[in-house]
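Participant: Below you will find the structure I want to go over with you.
The values are calculated or read from the model by the stated rules, or taken from the named source; none is laboratory data. Not measured: the values here are computed from a predicted model. In this analysis, Cβ positions are derived from the backbone assuming ideal geometry, glycine residues included, and neighbour counts consider all displayed protein chains. These area figures cover heavy atoms from the full protein model, side chains too; ligands, DNA and RNA do not enter into them. Shrake-Rupley method; radii C 1.70, N 1.55, O 1.52, S 1.80 Å.
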Amino acid sequence: MISAQNISLQYGKRVLFDEVNIKFTEGNCYGVIGANGAGKSTFLKILSGDIIPNSGNISIDKGKRLAVLKQNHFEFDEVSVLDTVMMGHSKLWNIMKEKNEIYAKPDFSDEDGIRASELEAEFAEMEGWNAESDAATLLSGVGINEADHYKLMKELNGNQKVRVLLSQALFGNPDILILDEPTNDLDIHTISWLEDFLLEFKNTVIVVSHDRHFLDTVCTHIADIDFGGINLFTGNYTFWYESSQLALSQRASANKKAEEKKKELQEFIARFSANAAKSKQATSRRKLLEKINVEEIKPSTRRYPAIIFNQKRKAGDQILEVENLCKSIEGKTLFKDLNFRVNRGDKIAFISKDSLAVTSLFQTLEDELKSERGEFRFGQTITKAYLPNENAEYFDVDLNLIDWLRQYSVDDEEKDEVYIRGFLGKMLFSGEETFKKANVLSGGEKVRCMISRMMLSGANLLILDEPTNHLDLESITAFNNALKDFPGTVLFTSHDHEFTQTVANRIIEITPNGMIDKLMTYDEYVSSERVSTQREELYV
C-alpha cells in the first residue's frame, strides 16, 4: 500500500493540493483524472518522491518496491536497450553490476569470494537468472524487435524509446507501478498488450491517461483531482462520468423525491454492474460496483465545454469524390491511387501506420499540399471547417481572443462582441480570459479556440486531424458527444480509441500500396480477420 497524509503543495499564491489524504491499496488500478493544470503529473511526482510537498508525507509499506515510467527520453542514451529495461529493478541491477565487477577483478581475494557468494544467493532469490529473458519478453510485447535489444538507446527513435521506458517500469513485478500517460506514441496493438498486462498485474497501479478506453479497461477506481483535493470513486472512468452526471441532473431536479433519486441511482449501479460482467475485468469490477452505496455517488464540480456544431446549410448529395490521388515526400510514398466517395452523413476515420499519410491527405484536401497525380471534387453545397494537427500559425498574432475569433466572422452580426463572447464562453473562456492574447495560449487553450472557430463557421463538413491532442478529458468527452450528435459529415483521424469507436461509421486505412475502405465501426475493423489479411498484403 502507498498513502498520502496531509499533502499540501503551493506555488506562490496558487494552491495545488490542500491537506490531501488518500490510500492506494494492493490489487487495484487507480486512474488519476483532473482538468489541465489540476496537478495530475505533479501528484504522481509527489508519490514517487521527485517533488517534495510543502507539508505532509508519503508512506509505502515496508519492503515494497515502487517503479515509475520515466519521462526523460535521453537519460539512458549510452546504455543498451536490454540493460535499460533491467535497470528498472535497481536492487537486482546493482547486484548484477557488483557481481560482475567482482568477477572481473584480476586479484580476486577470499573476501571477494565471500561477497560474491552473498550476491549470488540474493541474485538467485530474486530469480536473477531470468532477468534477461524477462526483459526481452517485455520488449517484444511492446513491439521492439529482437535485433534492437542490444543497440544503445540513442540509436532508437522517440517512439521506440517510449516503449523501452515502459518496459523498464513494468520489469521485475514492482509492488507499486506509477504510469504517466503510458499510451502516448503506442499503436492500438501495443495498447491492447499493455491493457492485458495490467489486467493480469496483481499489485497497485496508479495511472494518468487521456485515453478513456484505456482507463475504462484497466481501472477499478478513479481519483479525481478537483479544487485542491482528491476524491476517490469506485469504478472506471465511464462509470464515474455517467454517475456524476446523473447525480448532477438529480440535484437540478429539486422536486424529485429522495426515494425516487435513490431508486434511479440503484438501477444505474445495477446496469453498470451487469455491463462490467462482460468486460475483461468482469468479476472484480462487478463485485466492487455492487458494494457501492448510493450516497457515495456525488455530482462533479467539473466544467464541460458546450460544443455544438450547427450546419448553416444542409449538404446536398454530392459531398466529396477522390480519384487516383497520389502523394510522396522525399521519395517516400505516403499514399497512391486513393479512390473513394464520401456520402452525406459519413463519419469516416482515416487510419494509417504512418500518421503523416493522413495529415498529408487532409492538407491536400485543404489545398495546402499539391498531389502528384489524381484529383478531388467537393460538392457545390459543401462548406468546410478544418482542425489541423499543428495550429501555431493561427496564433502568431497580437490579438485578444475576442478579436482573434472575430476575424473569422462572415457577416456583421457575427462580428458583434456579445455574439463572439458566446462562442468563446461555450469553450470556457469567460470574463477577463477573453482579453488574453492569442499568442500566449497553452496547447489545450489553442485547440479550444480552434473549436470555437469551427462552431462559428456553421460548416456541414468537418475535417479533423488528431482533434483530441492537448485536450483534457472533459473537453475530449464534450467534443466526442458533439460529433456523435452532428448531422453533417466528418473526416477525421485520432489515436483515441473511444473517440474513434463512438464517432466513426466507416473506416478508411491508407497504406503505401493502396487503401482499405470498410463500412463498419472501429472495433469491428480491428477484430475482423478478413481485414487483417488484407492489411498484411498491403503493408508488404
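Participant: Please determine, in degrees from 0 to 90 and to the nearest 10, the orientation of helix 473-485 with respect to the longest principal axis defined by the Cα atoms of the chain, where the helix direction is its Cα long axis.
Facilitator: Rounded to the nearest ten degrees, it is 40.
Participant: Let me ask you something else. For the chain, what is the mean residue ellipticity at 222 nm derived from helices alone (per DSSP H run of n ≥ 4: -39500 (n - 2.57); sum divided by total residues; nearest 500 deg cm²/dmol)? Mind dumping the intermediate values first?
Facilitator: Values: 20 runs with 216 residues, N = 540.
Roughly -12000 deg cm²/dmol at 222 nm, from the helical runs in the chain.
Participant: Using the Karplus equation 6.51 cos²θ - 1.76 cosθ + 1.60 (θ = phi - 60°), what ³J(HN,Hα) coupling, rounded to whole Hz, does each residue of the stretch 344-352 give in order, writing x for Gly and Pro?
Facilitator: Computed from phi, the couplings for the stretch 344-352 are 4, x, 5, 10, 9, 8, 8, 10, 6 Hz.
Participant: If you don't mind, there's one more thing I want to ask. Alpha carbon centre of the stretch 323-381 versus the stretch 388-437: separation in Å?
Facilitator: Here the two parts' Cα centres lie 30 Å apart.
Participant: Taking the stretch 88-178, which trypsin sites (Lys or Arg not before Pro) meet the DSSP loop condition and have no more than 12 other C-beta atoms within 10 Å? Don't jump to the answer; show the numbers that get you there.
Facilitator: Working: sites: LYS91, LYS97, LYS99, ARG115, LYS151, LYS154, LYS161, ARG163; in loops: LYS151.
Within the stretch 88-178, no trypsin sites (Lys or Arg not before Pro) qualify (loop, at most 12 other Cβ atoms within 10 Å).
Participant: Near the amide H of LEU16, under 5 Å away, which other amide H atoms are found, from residues 5 or more places off or on another chain, if H is placed in the peptide plane?
Facilitator: Those qualifying (amide H under 5 Å, at least 5 residues apart or on another chain) are LEU9, GLN10, TYR11.
Participant: How about the stretch 283-377: which GluC sites (Glu not before Pro) there are in a DSSP loop, with at most 15 other Cβ atoms within 10 Å of their Cβ?
Facilitator: Working: sites: GLU290, GLU295, GLU296, GLU321, GLU323, GLU330, GLU366, GLU368, GLU372, GLU375; in loops: GLU330, GLU366, GLU368, GLU372.
Passing both the DSSP loop test and the Cβ count: GLU330, GLU366, GLU368, GLU372.
Participant: Let me ask something else. Tell me, what is the per residue accessible area of the stretch 319-477 in Å², probe radius 1.4 Å?
Facilitator: Numbers: 6970 Å² over 159 residues.
Using a 1.4 Å probe on heavy atoms only, each residue of the stretch 319-477 averages 44 Å².
Participant: Roughly how many Å² is the accessible area per residue of the stretch 1-127, as a whole number, for a 1.4 Å probe? Mind showing how you got there, number by number?
Facilitator: Working: 7000 Å² over 127 residues.
Dividing the accessible area of the stretch 1-127 by its residue count gives 55 Å².
Participant: Taking 20 Å as the cut-off for C-alpha to C-alpha distance, list the pairs among LYS45/LYS70; LYS40/LYS436; LYS40/LYS202; LYS161/LYS446; LYS62/LYS99; LYS415/LYS437 that go past it. If you can, show how the numbers build up before the last one.
Facilitator: Details: LYS45/LYS70 11 Å; LYS40/LYS436 25 Å; LYS40/LYS202 24 Å; LYS161/LYS446 28 Å; LYS62/LYS99 26 Å; LYS415/LYS437 18 Å.
Pairs exceeding 20 Å: LYS40/LYS436; LYS40/LYS202; LYS161/LYS446; LYS62/LYS99.
Participant: Still on this model: Compute, for the stretch 85-183, the length of the dipole vector about the Cα centre, with Cβ point charges of +1 (Lys, Arg) and -1 (Asp, Glu) only. Units Debye, rounded to 20.
Facilitator: Values: 9 positive and 19 negative charges, 111 e Å.
For this selection, approximately 540 debye.
Participant: Helix 417-426 versus the longest principal axis of the chain: what angle, 0 to 90°, nearest 10, using Cα atoms?
Facilitator: For helix 417-426, the angle is close to 40 degrees.
Participant: Continuing with the same structure: Could you tell me how many degrees, from 0 to 90 and to the nearest 10, lie between the Cα long axis of helix 131-141 and the main elongation axis, the longest principal axis, of the Cα atoms of the chain?
Facilitator: Roughly 10 degrees, rounded to the nearest 10.
Participant: Something else: Once neighbouring chains are kept in place and the probe is 1.4 Å, which whole percent of the accessible area of the stretch 315-406 is contributed by carbon and sulfur? Display every interim value, and only then the final one.
Facilitator: Numbers: 1830 of 4500 Å².
Carbon with sulfur: 41 percent of the solvent-accessible area.
Participant: Let me ask you something else. Taking loop as defined by DSSP and a crowding limit of 13 other beta carbons within 10 Å, which chymotrypsin sites (Phe, Trp or Tyr not before Pro) in the stretch 1-85 fit?
Facilitator: Numbers: sites: TYR11, PHE17, PHE24, TYR30, PHE43, PHE74, PHE76; in loops: PHE74, PHE76.
Taking the stretch 1-85 and a limit of 13 other Cβ atoms within 10 Å, the loop chymotrypsin sites (Phe, Trp or Tyr not before Pro) found are PHE74.
Participant: Over what distance in Å are the Cα centres of the stretch 179-256 and the stretch 459-476 separated?
Facilitator: That distance is 20 Å.
Participant: What percentage of the solvent-accessible surface of the stretch 409-458, computed with a 1.4 Å probe over protein heavy atoms, is contributed by carbon and sulfur atoms?
Facilitator: Values: 1160 of 2270 Å².
Of all accessible area on the stretch 409-458, carbon and sulfur atoms account for 51 percent.
Participant: Further question: Under 27 Å between alpha carbons, and skipping anything fewer than 8 positions from LYS257 in its own chain: which lysines qualify?
Facilitator: Output for LYS257: LYS291, LYS298.
Participant: Can I ask one more? Please give the charge dipole size of the stretch 371-473, origin at the Cα centre, charges +1 on K and R Cβ atoms and -1 on D and E Cβ atoms. Round to the nearest 20 debye.
Facilitator: Working: 12 positive and 19 negative charges, 47 e Å.
Its charge dipole is roughly 220 debye.
Participant: Carbon-plus-sulfur fraction of the accessible area of the stretch 133-273, 1.4 Å probe, in percent? Present the calculation step by step, with values, prior to reporting the outcome.
Facilitator: Numbers: 2780 of 5850 Å².
The value for the stretch 133-273 is 48 percent carbon and sulfur by accessible area.
Participant: Additional query: For the stretch 104-176, what's the relative contact order in percent, using C-alpha pairs closer than 8 Å and at least 6 residues apart? Present the calculation step by step, with values, prior to reporting the outcome.
Facilitator: On the way: 24 pairs, mean separation 21.6, N = 73.
Relative contact order, the stretch 104-176: 30 percent.
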